[in-house]
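Just so it is clear, none of the values below were taken in a lab; they were calculated from the coordinates. All values reported here derive from a predicted model rather than from experimental measurement. All Cβ positions, even for glycine, are placed from backbone atoms using ideal geometry, and neighbour counts span all protein chains on display.
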Amino acid sequence: MNKKTIIAGLLPDELKKIISAYKQPVYRAKQVLDWMFKKGVLSFSGMKNLPSELREELDRKNQPLSLYQELKLTSAVDKTSKYIFITNDAQSIETVFIPTTKRATVCVSTQAGCAFGCLFCASGKDGLVRGLRADEIVSQLLLVKKDNPHRPLTNVVFMGMGEPLANYENTLKAIRIINHPDYLGIAARKITVSTCGLPDAISRLAKENMQFELSISLHAADNDTRNRLMPVNKKFPLEMLIKAAREYTQVTNRMITFEYVIIDGVNDSKKAALDLAKLLTRLKCKVNIIPFNPVDAMQFKRAEKARLAEFTQTLDENKLNFTLRRSRGADIQGACGQLRLERTERKNLKDEGRGFK
Ligand code: SAH
């Protein structure tokens, strides 16, 4: 195992300590960060304004980042790119880059695999391997930024593989790094953390006094349906989740976004829309309706147009604040964990000698 310190996961004070231990002035810390986070130089040898002894010392016990790129697929349709990055212990994780005219959003993973096993999601199919360290979360952004030098990163969404709030400390540290002006300097309000709904962690988050956006993956407004789609609901049913969400909005005075992946015949009825409007009454929130991204070999299908129209009309009539999200990257296995899953399956097929391309 690699025992080097990874600079991408250090807050300013931690980095300054390292620099001071090399008997160098602390402003060198800012120079290192400038190279990595502003100029996209990801090796110490390229940091030309550092004394060569410092570059060598840094190189002996540290490394700038902790991942390397194994694969990149770019959608011919909308230019969304999906990357597979490999960790020091050979885990593969997914990161997605979503450029639009106004924004350049990166969707990062917080865990290799996922423990929560939502039925419609590819990330949890093989369970959880481990949570990512802050440096591994930040490294995803460094690599995507370097690969897209002409598109300054504007938004970060924690909607890749894994459950950010089950990897709480690392996720929050990564957010502090991403947000810091000496690093990526992405405004807190342009950073979104998405959770499957862990009430204790949501309560803890409410007290952090951080300004990032919180999204909760709801996907159903009655316990029976949600139990079926998201096993986490059996442990933390809607009553507990909505209570924590309500308290969060009261303590922080911030709005919560609820995500609702709409699936044919599962959660797309008029009754489901009425339940949703009722569940979220008088809560400071909006709902993001997301088209289901079909994952091979899964039983679910995208909701039909007419049903979707009826669903959104019902929400309108009941004065629920919602938006309809466009699906992106469908031709490159854009859904959470999909590409990694496909890779594993291909590998397995290959291992079984079934001659996959
Ligand atoms: N664990 C976190 C973050 C990762 S999933 C969470 O549950 O929120 C990010 C979002 O992608 C979630 O809203 C999740 O429900 C959604 N998602 C997963 N698989 C999907 C699919 N096949 N189609 C559309 N959205 C999907």
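Tabulated results
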item: Per-residue Cβ neighbour rank within 10 angstrom, fewest leading, 268, 135; result: 268, 135
item: Local electrostatic count at residue 291 - Lys and Arg +1, Asp and Glu -1, tallied over other residues with Cβ under 9 Å; result: +3
item: Global geometry of the stretch 5-63, whether rounded, prolate or oblate, following the gyration tensor of its Cα atoms and the 1.5 cut on a/c; result: rounded
item: Residue-averaged 222 nm ellipticity for the chain, from DSSP H runs of 4+ at -39500 (n - 2.57), nearest 500; result: -10500 deg cm²/dmol
item: Sequence-distant lysines (8 or more away, or on other chains) whose Cα lies within less than 23 Å of residue 301; result: 82, 125, 270, 271
item: Cα-Cα P(r), the chain, percent of pairs per 20 Å interval; result: 29, 55, 15, 1
item: Backbone HN-Hα couplings from phi across the stretch 119-125 [Karplus 6.51/-1.76/1.60, Hz, Gly and Pro as x]; result: 5, 8, 10, 6, 4, x, 4
item: Among the listed pairs 38/79; 3/146; 3/145; 145/319, those beyond 28 Å (Cα-Cα); result: 145/319
item: Listed residues 131, 160, 46, most fluctuating in the chain (Gaussian network, C-alpha, under 10 Å); result: 46
item: Modelled FRET efficiency - R0 45 Å, residue 61 with residue 188, Cβ distances, 0.05 increments; result: 0.90
item: Exposure proxy order (Cβ contacts within 10 Å, fewest to most) of 98, 216; result: 98, 216
item: Placed amide H near residue 197: partners under 5 Å, 5+ positions off or other chain; result: 217
item: Lysines with Cα under 16 Å of residue 17, excluding same-chain neighbours fewer than 8 positions away; result: 4, 30, 61
item: Fully extended contour minus Cα-Cα distance, from residue 23 to residue 70, at 0.36 nm per residue; result: 13.2 nm
item: Residue exposure sequence - 249, 257 - by fewest surrounding Cβ within 10 Å; result: 249, 257
item: Antiparallel DSSP beta bridges within the chain, percent to nearest 5; result: 45 percent
item: Segment residue 52-residue 239, length gained on full extension (0.36 nm per residue, minus Cα span); result: 61.3 nm
item: Highest-fluctuation residue, 193, 106, 266 considered, GNM on the chain with Cα pairs under 10 Å; result: 266
